[in-house]
Amino acid sequence: MTVEHRTASVPGLGAAGFDSGRARWALVVVWVTGIAHGFVVGHLPSGVAPVILAYLASLAAALLLTSRRPAPLTVFQATLLAACAVFSSGVSLQFAEADSWLLQFPCYVAAMMIPRGNPIAGGAAGGVIIALVIGWGITTGEPAAVLVSMIADPAAGLLVGYVWLLALRYFVVRERAARDRVAEAGASEAAALAAGEAATADLAGIEAVVAPVLSDLAAGRPLDEAFRAELGIAEAVVRDRIRVPQLRHPRLEESLVRARRRGVRVLLVGEPSGVRGLDSGTAATLSGLVDSVATGGITIRAVPGQAAVTAVLDRAGEIERVELLPGS
């Protein structure tokens with residue numbers, strides 16, 4: 001049933017407005033005026049059960065067309081509507097007393113299935129009705145002019161239905177494209193704002209690191225060994241933040257600063273990957289590893305595209321290699 005519904009309907013168009021209460025009331029009013037017209041002109045015979053059923057079937061078709069489902073009709077609804085339309089139109093051809101309205105109204109209702117999103121069912125119903133009219137005209141020997149005039153309304157209804165459907169498709173595609181452009185523009189703007197905020201935060205963090213040592217330098221502090229060490233540590237912190245932002249975490253940075261002050265060689269290897277910061281669990285583990293190195297060297301490697309963070313610890317010639325999976 002699901003596959004048939006997809007092949008017999010056009011998704012993405014909603015119900016083309018036919019699911020509104022106004023559409024239903026409009027068709028019901030048209031149906032009532034058709035009955036009134038039949039009584040007034042005397043074309044509505046009394047006591048003829050098939051004609052009465054045909055009028056009721058045309059009402060059922062109108063109610064089915066205006067189903068409140070905000071999507072094309074289901075296969076069952078479309079099939080039932082087509083059957084009601086064909087039945088009403090067929091009955092109108094069997095009684096000379098019946099008004100031509102009983103032929104035209106079901107044709108239009110069937111044709112309106114096309115823009116609702118059921119082009120196959122609507123076209124099939126309209127085609128069957130046209131075939132019935134042609135067969136009736138040939139059987140009864142109706143003049144060609146009369147036959148053409150009777151076919152004109154169903155054919156025009158089908159043509160209008162398909163043109164309507166094409167127009168809806170065109171405008172839906174344009175609307176979706178416009179919404180996509182708006183969404184992309186919004187996403188780009190949000191990304192630009194986020195990048196700007198991140199850059200501002202980075203600059204503020206760098207300022208907090210370098211401002212003290214630069215102030216001391218500007219104040220004329222002597223470049224002794226201790227001051228050079230502080231300058232080197234500040235430079236290393238800034239370099240690491242820029243080059244490997246995915247390893248940023250206050251706890252790890254504090255451990256790295258302590259290690260550098262102990263004279264441990266520290267090297268962070270990697271490149272920016274769009275990831276900023278390290279989760280607390282991995283940072284705590286790395287911090288503990290860094291603190292465990294009293295002398296020697298530490299290399300922490302975070303390569304874009306690789307989930308694991310690798311730490312190589314050189315404790316006075318004793319090498320230890322540890323792989324951590326962030327977030328695990």
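Other residues with beta-carbon under 14 Å from the beta-carbon of residue 268 carry, at +1 per Lys or Arg and -1 per Asp or Glu, a net charge of +3.
With a Förster radius of 45 Å applied to the beta-carbon distance between residue 192 and residue 156, the computed FRET efficiency rounds to 0.25. Rounded to the nearest 10 degrees, the angle from helix 119-140 to the longest Cα principal axis of the chain is 10 degrees. Hey, what number do you get for the chain at 222 nm if only DSSP H runs of n ≥ 4 count, each worth -39500 (n - 2.57), divided across all residues, to the nearest 500? -23000 deg cm²/dmol, from helical runs alone. What the Cβ-Cβ distance of residue 318 and residue 243 gives, at R0 = 30 Å and to the nearest 0.05, is a FRET efficiency of 0.65. Taking Cα atoms only, the orientation of helix 144-218 departs from the longest principal axis of the chain by about 10 degrees. Each residue of the range 318-325 was assigned a 3J(HN,Hα) from its phi angle through the Karplus expression (A = 6.51, B = -1.76, C = 1.60, θ = phi - 60°), giving 8, 9, 10, 10, 10, 10, 10, 9 Hz with x at Gly and Pro. For the Cα atoms of the chain, what angle does the longest principal axis make with the long axis of helix 101-111, in degrees from 0 to 90, nearest 10? Helix 101-111 sits at roughly 20 degrees to that axis. When P(r) over Cα pairs in 20 Å bins from 0, in percent is computed from the coordinates, the matching label among [x] 32, 61, 6; [y] 23, 26, 13, 19, 15, 4; [z] 30, 57, 12, 2, 0 is [y].
Per residue, the chain exposes 54 Å² of accessible surface when a 1.4 Å probe is rolled over the protein heavy atoms with every protein chain present. For the Cα trace of the range 148-248, dividing Rg by the Kirkwood Rh returns an Rg/Rh value of 1.65. When only the Cβ of Lys, Arg, Asp and Glu is charged (+1, +1, -1, -1), the dipole of the chain relative to its Cα centre reaches about 120 debye.
All other residues whose Cβ lies under 9 angstrom from that of residue 310 are scored, Lys and Arg at +1 and Asp and Glu at -1, for a net of +1. Here the accessible area is traced with a 1.4 Å probe on the protein chains. For the range 165-288, carbon and sulfur cover 61 percent of it. Label positions at residue 169 and residue 228, each projected 7 Å from the Cα along the C-beta direction, are separated by 7.8 nm. Highest mean first, the peptides 286-296, 171-181, 62-72, 30-40 sorted by other C-beta atoms within 10 Å per residue fall in the order 62-72, 286-296, 30-40, 171-181.
The values are calculated or read from the model by the stated rules, or taken from the named source; none is laboratory data. Quantities reported herein were computed from a predicted structural model and do not represent experimental measurements. All Cβ positions, glycine included, derive from the backbone under ideal geometry; neighbour counts span all protein chains shown. Accessible surface areas use protein heavy atoms only, side chains included; no ligands, DNA or RNA. Shrake-Rupley method; radii C 1.70, N 1.55, O 1.52, S 1.80 Å.
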